[in-house]
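The values are calculated or read from the model by the stated rules, or taken from the named source; none is laboratory data. Bear in mind that the values here come from a model prediction, so they are computed numbers and not experimental data. All Cβ positions, even for glycine, are placed from backbone atoms using ideal geometry, and neighbour counts span all protein chains on display. Note: accessible area is taken over every heavy atom of the protein model, side chains too, but ligands, DNA and RNA are not part of it. Shrake-Rupley method; radii C 1.70, N 1.55, O 1.52, S 1.80 Å.
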Amino acid sequence: MTARLQLKREDLERIHRQAEAEYPAECCGILTVGAASDLSRVHPCGNIQGRLHHEDPAQYPREPRIAYFIDPKEQFDIISAAERSGGRVSGFYHSHIDCEAYFSDEDKERAMAWDEPAYADAVYFVVSVFAGKIRGSGKAFGWQSESRDFSEVESEIFE
Ligand SMILES: [Zn+2]
């Protein structure tokens, strides 16, 4: 099964507004689906990379402008709530600051648990913000079991 992103236009716009509001830090969040629908719901999350970097720069050398770290407690709560109601995680999103929406080596590393994808069915949606303004609508990436790598997948936006 190839993952693809299904989002309502208003939810896509929420991600765009969050990315602009949190510029010049990367924004991040989680996407979940319910039992009955493939349409993703958006859960904005705090990017704690700045705090981690400030507290322990040796362990977390990257600034929040070039990295994101979803608060693990927030992530756990969102995923548990989705699973309790019969749903699941459908994806993760984050923004790129003053560069294009692509799936970077760090993005891949973050999406892997050792040599397997942490969430093989999830899409990773990346939006691009230049000088505080969204550029384009974003790109979704999914795990391809044949190539054992991530590549761009379809994004379907519903009006
Ligand atoms: Zn990235």
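A compact table of results
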| read-out | value |
| --- | --- |
| Residue under evaluation Gln49, criteria (1) free of Cβ contacts under 8 Å to residues at least 40 places away in the same chain; (2) open to solvent by 30 Å² or more (accessible area, probe 1.4 Å), criterion not met | (2) |
| Selection from the stretch 52-65 of residues that are outside any loop (DSSP other than H, G, I, E, B) and open to solvent by 60 Å² or more (accessible area, probe 1.4 Å) | His54, Glu55 |
| Subset of the stretch 19-48 [within 14 Å of the ligand (Cβ to nearest atom) and either farther than 24 Å from Arg135 by Cβ or among the small types (Gly, Ala, Ser) (or both)] | Ala19, Ala25, Gly29 |
| Candidate set: the stretch 57-113, residues that are polar (S, T, N, Q) and without any contact (Cβ under 8 Å) to a residue 40 or more places away in the chain; chosen: the one nearest to the ligand (Cβ to nearest atom) | Ser104 |
| Failed item in (1) touching an Asp or Glu at 6+ places or on another chain (Cβ under 7 Å); (2) open to solvent by 30 Å² or more (accessible area, probe 1.4 Å); (3) within 16 Å of the ligand (Cβ to nearest atom), with Gly136 passing the rest | (1) |
| Of the criteria (1) open to solvent by less than 20 Å² (accessible area, probe 1.4 Å); (2) within 16 Å of the ligand (Cβ to nearest atom); (3) closer than 18 Å to Thr32 by Cα; (4) aliphatic (A, V, I, L, M), which one Ala118 fails | (1) |
| Breaking point among (1) under 21 Å from Phe150 (Cβ atoms); (2) open to solvent by 50 Å² or more (accessible area, probe 1.4 Å); (3) not in a loop (DSSP other than H, G, I, E, B), for Leu31 | (2) |
